[in-house]
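K.L.:
This is the structure I want to talk about, given as structure tokens.
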Amino acid sequence: MNRTARRRAALLGAAALLTVAVPASAAPAADLDVFVLEEATIADISSAFAKGSLSCVELAELYLARIAAFDDAGPRINSVATVNPDVLETAAALDEEMDRFGPRSRLHCIPVLLKDNVDTYDMPTTNGSVILKDAVPPDDAYITAKLRAQGALILGKAEMGEFAGGSYNTIDGQVVNPYNLKRQTGGSSAGSGAAIAANLAVLAVGTDTSTSVRGPAAYNGIVGLRPTTGLISRDGIAPKNLTFDSAGPMARTVTDTALMMGALTGKDAADPLSVQVYDDYPGGGSHDLGIDYTSYLRDNALQGKRLGVVRDFFGGDPTIDALAEKALDTMEAQGATLVDITLDAAFLDFYVTRGGSTIRTIADYRFKEEFEAYLATFGPEVPKTVEEFIEIYETEVAKSPLPVEASVLNLLKRSLTTTADDPAFKDLVDRVLPAATDYKLSLFEDNDLDALVFPYQTSYAAPISNPAFSIPDPTHVPSSRPQPSIFAAYSSVGFPGIVVPMGFGPQGLPMDISLMGKPYAEGEILGMAYDYEQASKLRAPSPLTPGLPGELIGADSPTAALRGDKVELRFGKEFGGLTATVAVATTGGWTTVGTDRITNGGKATVRLPKAYLASVKPGSLIRVSAGSTALEVVLS
């Protein structure tokens with residue numbers, strides 16, 4: 001029995017951790033017995049399975065159709081690196097199992113994309129490098145095995161920035177922001193962020209060394225969580241820097257993020273840090289098989305909490321500041337107390353503003369040894385040394401239409417002359433990083449804080465620029481303010497941080513607010529994020545990746561006709577009595593323009609405001625909502 005098979009057997013017991021009830025407030029209103037694929041949650045899909053209105057195979061086919069329509073064609077988001085060739089066969093087996101025995105867990109047949117640095121025994125794991133495009137690992141990563149054991153459907157692998165940096169790679173090129181095709185997605189979990197935002201899967205795994213879960217989540221308007229380093233095993237994940245590396249869940253809702261986080265956790269003897277983190281886990285009790293976070297998801301989780309507003313991370317794009325201030329108002333209305341925090345100037349300069357040179361460059365001294373140890377797990381067809389990678393990049397890849405980023409070559413070349421035995425690296429581990437931990441903990445203790453809060457970025461996603469091409473966009477507002485992205489990770493203990501949608505700015509680009517907690521406070525920040533999310537409801541899909549025919553199950557799709565300044569809507573009679581809402585696509589995303597109550601005969605009429613009469617015409621795409629059902633409709 002190989003390691004993957006042994007792990008599957010051992011991890012089947014952990015699946016029971018996810019057979020828990022999600023709070024009622026986390027589920028959509030049960031006003032209609034219909035299913036809509038766009039923005040579907042784990043609860044929506046599980047309900048459709050239970051009612052028999054949807055099968056696992058049908059669900060997989062719907063997501064494959066979206067990948068074909070929006071990733072491989074149309075806007076060409078380019079977020080999915082590999083579609084699992086066995087996905088429909090696996091889905092059929094999961095259907096049969098569900099029919100005979102019921103769901104294995106809350107993740108039974110929930111489609112998941114894995115970042116392409118997470119090992120899968122049945123698909124290549126490329127780390128974003130064309131040199132590894134056919135490299136199939138001998139077995140699954142720990143977290144891959146856990147997901148399979150719980151019945152999750154591995155839909156495929158998500159594109160990533162090469163060697164876990166940026167949003168471009170030498171295999172497929174650039175991942176594109178689904179909200180604005182001139183902009184990038186953030187890196188390096190670029191495909192994970194874009195795919196979830198574009199509704200190409202339900203869940204994704206990203207990895208975060210500096211910012212690579214939370215950055216793409218914020219730039220794509222979804223939820224992303226970086227946990228305490230070591231809480232998710234790194235075994236079977238291509239290493240970037242094991243001082244800081246962590247996988248993390250990415251989803252469209254906090255509830256789904258919490259469920260995914262529970263599925264990924266668990267003590268793993270193959271990762272020494274995992275053993276240490278679980279042995280040190282506070283509060284007693286064993287969490288070796290995983291941690292259930294759903295009990296933290298409460299509407300009043302912000303009540304009585306003290307939040308430190310880190311003012312150093314304001315002052316960039318003024319529209320982001322405005323979104324953040326509105327988010328803070330919502331948190332305060334939910335019962336939180338806000339305390340303005342200004343970081344020590346020396347700390348801000350050394351650990352944040354100059355963190356890339358003062359910390360990250362030295363931390364990478366360990367890269368060569370760990371990356372080559374990872375390469376050794378592959379067969380003889382895969383190069384085994386950094387020197388071989390450099391030679392191939394500078395000869396074969398340099399002549400290709402997709403040359404390598406300079407930052408990748410710089411990382412590889414620097415690693416030839418540095419090791420973890422260097423006194424500078426020892427000083428970093430023994431003095432510099434523990435000092436960062438002490439200072440960050442002092443912020444919580446001295447101000448009696450439950451979390452730190454700030455806008456996750458000080459500017460929106462930047463225009464696309466890579467070695468193959470660039471797209472100028474003069475509408476972008478750059479920022480020279482300190483970026484909070486490395487604030488959580490760069491210390492001797494990685495602090496958990498979550499990002500949650502806080503709305504849209506110019507050019508329809510989303511941005512997230514961030515909550516950062518003390519080590520092991522994942523449950524607390526998930527709860528606070530959930531409370532804010534339920535009070536604000538600012539996640540919205542992109543008009544560029546609308547619903548497709550067949551994605552509404554259980555009712556006929558509504559129709560819409562433009563009659564002068566009115567939109568005449570027709571619904572199935574089952575929608576009678578609900579309120580219809582019409583939104584139109586603007587530079588700020590979907591903008592609500594009117595509502596009307598649906599008659600028992602299924603009719604409603606919405607008058608367009610004068611400001612939209614010139615832009616809305618037959619053929620325009622509008623978003624129509626009724627109760628918890630929302631989908632795009634083309635005006636006739």
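The values are calculated or read from the model by the stated rules, or taken from the named source; none is laboratory data. Remember, it's a predicted structure, so these values are computed and weren't measured experimentally. Here the Cβ positions follow ideal geometry from the backbone for every residue, glycine too, while neighbour counts run over all protein chains shown. The area values use the complete protein model at the heavy-atom level, side chains included, leaving out ligands, DNA and RNA. Shrake-Rupley method; radii C 1.70, N 1.55, O 1.52, S 1.80 Å.
K.L.:
Straight-line reach from Lys305: which lysines fall under 21 Å, measuring Cα to Cα and dropping same-chain residues less than 8 apart?
P.N.:
Lys326, Lys440, Lys518, Lys537
K.L.:
For a quick check: with amide H placed at 1.01 Å from N, whose amide H comes under 5 Å from Ile110's, ignoring anything fewer than 5 positions away on the same chain?
P.N.:
For Ile110, whose amide H was placed from the backbone, the distant partners under 5 Å are Leu153.
K.L.:
Could you sort the peptides 587-597, 109-119 by per-residue average Cβ neighbour count (10 Å cutoff), highest mean leading?
P.N.:
109-119, 587-597
K.L.:
Another one. When you count, for each residue, the other Cβ atoms within 10 Å and take the mean per peptide, how do 224-235, 546-557 rank with the highest first?
P.N.:
224-235, 546-557
K.L.:
Based on alpha-carbon centroids, what's the gap between the stretch 92-136 and the stretch 613-628 in Å, whole number please?
P.N.:
37
K.L.:
For Ser442 paired with Tyr612, estimate the spin-label separation in nm (one decimal), with each label point 7 Å from Cα along the Cα-to-Cβ line.
P.N.:
5.3
K.L.:
Please work out whether the stretch 370-514 counts as rounded, prolate or oblate from its C-alpha gyration tensor, where a ≥ b ≥ c are the square roots of the eigenvalues and a/c under 1.5 means rounded, while otherwise a/b larger than b/c means prolate and anything else oblate?
P.N.:
Details: a/c = 2.57, a/b = 1.22, b/c = 2.11.
Oblate is the answer for the stretch 370-514, as a/c is 1.5 or above yet b/c matches or exceeds a/b.
K.L.:
Report, by chain and number, residues whose modeled amide H sits under 5 Å from the one on Tyr520, excluding near sequence neighbours (fewer than 5 apart, same chain).
P.N.:
Thr228
K.L.:
Now for a separate question. Using the Karplus curve 6.51 cos²θ - 1.76 cosθ + 1.60 with θ = phi - 60°, work out ³J(HN,Hα) for each residue of the stretch 487-494 in order, rounded to whole Hz, and write x for Gly and Pro.
P.N.:
Going residue by residue, I get 4, 6, 7, 7, 6, 6, 10, x Hz, with x marking Gly and Pro.
K.L.:
Here is a follow-up. With +1 on the Cβ of every Lys and Arg and -1 on the Cβ of every Asp and Glu, and nothing else charged, how large is the dipole of the chain about its Cα centre, in debye rounded to the nearest 20? Present the calculation step by step, with values, prior to reporting the outcome.
P.N.:
Numbers: 53 positive and 77 negative charges, 310 e Å.
Charge dipole, the chain, about its Cα centre: 1480 debye, nearest 20.
K.L.:
Work out, step by step, the length gained on full extension between Ser628 and Thr579: first 0.36 nm times the residue separation, then minus their alpha carbon distance; give nm to one decimal.
P.N.:
16.6 nm
K.L.:
In the chain, if the dipole is taken from +1 on Lys/Arg beta carbons and -1 on Asp/Glu beta carbons about the Cα centre, which of Leu441, Thr629, Leu375 is farthest to the positive end?
P.N.:
In the chain, that residue is Thr629.
K.L.:
Between the stretch 42-70 and the stretch 298-367, what's the alpha-carbon centroid distance in Å?
P.N.:
After rounding, the separation between the Cα centres reads 38 Å.
K.L.:
So which lysines can Lys133 reach, going by Cα to Cα under 23 Å and dropping same-chain residues fewer than 8 places off?
P.N.:
Lys115, Lys157, Lys240, Lys368, Lys384, Lys399, Lys413
K.L.:
Moving on. Accessible area per residue for the chain in Å², computed with a 1.4 Å probe and the full protein assembly in place, what is it?
P.N.:
36
K.L.:
Assigning unit charges at the beta carbon (Lys, Arg +1; Asp, Glu -1) and nothing else, what dipole magnitude in debye, to the nearest 20, does the stretch 275-397 show about its Cα centre?
P.N.:
Details: 10 positive and 24 negative charges, 127 e Å.
For the stretch 275-397, the charge dipole is close to 600 debye.
K.L.:
[x] 27.1; [y] 30.8; [z] 40.6: which one is mean projected area of the Cα convex hull in nm² as calculated from this entry?
P.N.:
Among [x] 27.1; [y] 30.8; [z] 40.6, the one derived from this structure is [x].
K.L.:
Kindly rank 623-631, 484-492 from highest to lowest mean number of other beta carbons found within 10 Å of each residue. Numbers along the way, then the final one.
P.N.:
Numbers: 623-631: 20.7, 484-492: 24.3.
Highest to lowest by the protection proxy: 484-492, 623-631.
K.L.:
Label-point separation (nm) for Asp344 and Leu416, each offset 7 Å from Cα along Cα-to-Cβ?
P.N.:
It works out to 4.0 nm between the two label points.
K.L.:
Counting only DSSP beta bridges with both residues in the chain, tell me the antiparallel percent, nearest 5.
P.N.:
80
K.L.:
Taking +1 at the Cβ of each Lys and Arg and -1 at the Cβ of each Asp and Glu, which of Phe313, Ser357, Ser557 sits farthest along the dipole of the chain towards its positive end, judged by Cα position relative to the Cα centre?
P.N.:
The Cα lying farthest towards the positive end belongs to Ser557.
K.L.:
Given Ala614, Thr229, Gly547, which one lies farthest toward the positive end of the charge dipole of the chain, if we put +1 on the Cβ of every Lys and Arg and -1 on the Cβ of every Asp and Glu?
P.N.:
Going by the Cα projections, it comes out as Ala614.
K.L.:
Among all the aspartates and glutamates, which ones have a C-alpha under 13 Å from Lys566's C-alpha, if same-chain residues fewer than 8 places away are not counted?
P.N.:
List returned: Asp596.
K.L.:
Amide H of Thr82: which non-local residues (sequence gap of 5 or more, or other chain) have their own amide H closer than 5 Å, using H built in the peptide plane?
P.N.:
Those lying under 5 Å, H to H, from Thr82 are Lys157.
K.L.:
Which value in deg cm²/dmol, rounded to the nearest 500, describes the helix-derived mean residue ellipticity at 222 nm for the chain, given -39,500 (n - 2.57) per DSSP H run of n ≥ 4 and division by the residue count?
P.N.:
-7500 deg cm²/dmol
K.L.:
Return the sequence-ordered ³J(HN,Hα) values of the stretch 579-592 in whole Hz as given by the Karplus equation 6.51 cos²θ - 1.76 cosθ + 1.60 applied to θ = phi - 60°, using x for Gly and Pro.
P.N.:
Residue by residue, the stretch 579-592 yields 9, 8, 10, 10, 10, 10, 7, 10, 5, x, x, 6, 10, 5 Hz.
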